[in-house]
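Structure first, then comments.
The values are calculated or read from the model by the stated rules, or taken from the named source; none is laboratory data. None of these values were measured; they are calculated from a predicted model. FYI the Cβ positions are ideal-geometry reconstructions off the backbone, even for glycines, and counts take in every protein chain you see. With ligands, DNA and RNA removed, areas are computed over all heavy atoms of the protein, side chains included. Shrake-Rupley method; radii C 1.70, N 1.55, O 1.52, S 1.80 Å.
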Amino acid sequence: QVQLVESGGGLVQAGGSLRLSCAASGSIFSINAMGWYRQAPGKQRELVARITSGGFANYANSVKDRFTISRDNAKNTVYLQMNSLKPEDTAVYYCNEEEGLRIYWGQGTQVTVSS
């Protein structure tokens with residue numbers, strides 16, 4: 001059974017940085033695309049960044065040049081480095097794993113950016 005466990009969220013001032021981690025188990029991690037999504041109160045869940053098995057990354061326009069997604073296949077872990085954080089980045093951040101047609105989600109980690 002695939003399990004995803006996020007960590008690294010917290011409270012940070014605007015302009016600060018956080019690094020989120022998502023540890024995966026129960027899958028062939030290295031061949032699956034991984035993504036980070038976020039959901040703010042009253043809003044729909046949205047894609048933040050995604051990285052393919054080959055390391056190709058794409059980002060939401062709102063986070064380009066501020067966030068970086070990366071993966072360590074030896075550790076079955078995907079990261080999201082978030083710099084220059086803004087209050088509008090406040091949300092619950094979820095990682096997901098795409099295994100063929102199946103999508104698995106973590107439980108989420110709260111990121112709060114104060115102004």
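Side notes on the structure shown:
- Between the beta carbons of residue 110 and residue 74, assuming R0 = 25 Å, the FRET efficiency works out to 0.35 to the nearest 0.05.
- The portion of the accessible surface of the chain made up by carbon and sulfur, rounded to a whole percent, is 48 (1.4 Å probe; DNA, RNA and ligands excluded).
- Where 103, 51 fall by accessible area, highest first, once all protein chains stay in place (1.4 Å): 103, 51
- Amide hydrogen neighbours beyond the local backbone of residue 10, cut-off 5 Å, H modeled: 111, 112
- Size descriptors for the stretch 14-72, from the alpha-carbon set: Rg then Dmax equal 12.7, 37 Å.
- Candidate lysines for bridging to residue 64, where Cα separation is under 17 Å - those fewer than 8 sequence places away on the same chain excluded: 86
- Backbone HN-Hα couplings from phi across the stretch 109-114 [Karplus 6.51/-1.76/1.60, Hz, Gly and Pro as x]: 9, 7, 10, 10, 10, 8
- Rg followed by Dmax, in Å, when the stretch 69-114 is reduced to its Cα trace: 12.8, 38
- Projecting the Cα positions of 63, 51, 79 onto the charge dipole of the chain (unit charges on Cβ atoms of Lys, Arg, Asp and Glu, taken about the Cα centre) puts 63 furthest along the positive direction.
- Long-range amide H partners of residue 85 with built H, under 5 Å: 15, 16
- Relative counts (whole %) of C-alpha pair distances in the chain, using bins that are 5 Å wide: 2, 13, 25, 26, 19, 10, 5, 1, 0
- Debye, to nearest 20: dipole size of the chain, +1 on Lys, Arg Cβ, -1 on Asp, Glu Cβ: 120 debye
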